Structure formats: structure tokens, C-alpha cells
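Working notes, structure below.
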Amino acid sequence: MRVLLVEDEVRLAENVANALRDGPGFAVDCAEDGATGAHLASDPCYDLIVLDLMLPGMDGLSLLKRLRARGVATPVLILTARNEAGSVVELLNAGADDYLGKPFDLGELIARVKALIRRGKGAAHPTLRVAGIEVNTLEQSVTRAGRHVDLSPMEYRILEYLIHRPRATVSKRELLEHLYDYNWEHHSNVIEAHISNLRRKLDAGTGAASIETLRGRGYRLLPEGIGSDS
Ligand code: CA
């Protein structure tokens, strides 16, 4: 998953970005002012936007209103400091999905970010199941037919993304854009190797294929059994 962080306090931004990268393994892009944030935020590559309210250039509330007016539906978590303009009601009415008051606990931020991304993709429960594959997004653990599957961090992130879109064909570009930050083009050659390893580990000993490659179009979790266990 890929998060846009719009925050002008450099140290706080670094701490938040590192926590999101190190914990759930998200790709993170940072913007330090409202205008840059507004420019980046309309890109559909982001699974969530973390938005500070008081920003140079354009404040967070104006940025949020502009995004929603343009029809951008990406979930938005607002960071607020005490005494900042704008009530919680105003934020929620402007299209914010959640908010967190400063100072905040990084663990709470990560939990809220994960919950918002999950719900933004239509999943209410942190454990997702498709065709005998079970992904526990809290523990970042995977089983297939009840057997534990040991994945590398990137293999896990690919599967987590695919299982949130079980009926969709996900292009290589979409995967790259959502799993890496703005440098994603540099990773274009390695993602096929990650998918190949992921497929091998998921399928080992089962005799059943898990991920389909649609030539020139992308990848899809095989639809057999979709919905039977969820
Ligand atoms: Ca600020």
C-alpha cells in the first residue's frame, strides 16, 4: 500500500513516514506544503492520505475540500493540533474519514491508517480470505488451506494488495505504483521475480494455482472459491 503524507513539521513527518514504512511496510511519499500536497493527492496511486491541517501555501481543510470537489475518494486521515482552526464536525463534513490529535502515539496512527485503508477497499475485518488463502493483516501472516506460508516482506505486500481486489485484474504498473514510492519505475524488473516466488510458495504442495497471469494485462487471484470462505 502507498500513503501520501502532507506535513510541514520535518521531524514529525520523518517519524511518521518511518513508522509507516517499518511497521506495515507501506510506501510513503511526503509533501511539506499544501500546494505540493494538493498536486500529488489527486493521483489515484495513493491508498490513503495523512493530512496535517496547518500547512504553508494551502491549509489542510482547503486541500481536503478541493480533493473531494474533484471527486477524489482516497481515504483521508487528518492530523490536528489543539487550537487549530476548524472543528471536528467541519472536518468530517468536508470529507475527512478520521482524525488524530497531536501529539499522538505512532502505534495508534498505524492502527487507524490500516483500518482506513482496509475499509476504503471494502474489507471490514483485518483477516481476508479468498480461495483457501487467508491473509491476517494485523500479524502480516498468511496461510493456504490451513498451512502457514512464509513470505518475504515484498511477497506479502503483493499478496495483501491482490487479496483486497480479488475479482480484479491488477496490472504490473498498478502493483508498482501502490507498493513503491515515487521511485517505483526502478523496481519494474524485480516485481515479476517477487510474483513468481510468491506463486511458488503459495502453490507448494497444494496442486492448485493461486495467481493467474493475464498476458499484457496483469495478475489476478484465481477466482475459484471466491466468497466461499468470507
Ligand atoms: Ca503543520
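The values are calculated or read from the model by the stated rules, or taken from the named source; none is laboratory data. Since this is a predicted model, take the numbers as computed values, not measurements. Glycine also receives a Cβ, built like all others from the backbone with ideal geometry; neighbour counts cover every protein chain displayed. Side chains included, ligands, DNA and RNA excluded: accessible areas come from the protein's heavy atoms. Shrake-Rupley method; radii C 1.70, N 1.55, O 1.52, S 1.80 Å.
A few remarks follow.
- Inter-centroid distance (Cα atoms) of the range 39-54 relative to the range 110-169, Å: 23
- The dipole here belongs to the range 2-120: it is taken about the Cα centre, uses +1 on the Cβ of Lys and Arg and -1 on the Cβ of Asp and Glu, and is about 460 debye.
- Burial ranking of peptide ranges 194-204, 43-53, 136-146 (average Cβ count within 10 Å, highest at the top): 43-53, 194-204, 136-146
- Burial order of peptide ranges 177-186, 27-36 (average beta-carbon count within 10 Å, highest first): 27-36, 177-186
- Nonpolar atom fraction for the range 2-120, defined as the carbon and sulfur part of the 1.4 Å probe accessible area, stands at 50 percent.
- Overall, the chain carries a charge dipole of about 1000 debye about its Cα centre when +1 sits on the Cβ of Lys and Arg and -1 on the Cβ of Asp and Glu, all other atoms neutral.
- Accessible solvent surface per residue of the chain, calculated while the other protein chains remain in place, 1.4 angstrom probe, Å²: 48
- In whole angstrom, the range 2-120 maps to an equivalent ellipsoid with semi-axes of 19, 16, 14, each derived as √(5λ) from the alpha carbon gyration tensor and ordered largest first.
- When each of the peptides 104-117, 207-220 is scored by how many other beta carbons lie within 10 Å of its residues on average, the order from highest to lowest is 104-117, 207-220.
- Unit Cα scatterers, Debye sum, the range 64-199: log10 I(q)/I(0) for q = 0.15 Å⁻¹: -0.90
- D (Stokes-Einstein, µm²/s), Kirkwood Cα radius, the chain, 0.890 mPa s at 25 °C: 133
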